[in-house]
């Protein structure tokens, strides 16, 4: 239970992209290339939405091979702008040598992966200094308790029924 894919609803996606200002012309926060890391990618909907809104590069990380195949089928035409990694998100974070402007984190709600993933991102310095991490979580999750154990600060939190979105940055 709690391990199934929950594609982010269109209402929540629209809200996230309005908050982070990533639109068809790129983003107001960055000059140059916008890079995105979609951890626990599931269906890949967040990374695909970022591509459709002008992201220059999206890296998808999904542990489940079946879900990775679904993402792969949705990538034709984006091969030069994407990388799909079928691996455990927590383990793969030690292997990145690039920085991302946006990192989407949406593990199974029942997991306790938010804190260790945030700490790995911090340790490996893979979020650009002006970047944002977007956490999708259960609306019951005490996000403040998790964030206070990291260097990150909460930029904005929104609740949509059972779904919470918290955006953090340095």
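No value in this document is a laboratory result; all are computed from the given coordinates. Values in this document were obtained by computation on a predicted structure and should not be read as measured data. Neighbour counts are summed over all protein chains in view; Cβ atoms, including those assigned to glycine, are modelled from backbone coordinates with ideal geometry.
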Quiz item: If we sort 93-103, 47-57 on the protection proxy, mean other Cβ atoms within 10 Å, highest first, what's the order?
Solution: 47-57, 93-103
Quiz prompt | Global form of the chain, assessed from the alpha-carbon gyration tensor, a/c cut-off 1.5 | solution = rounded
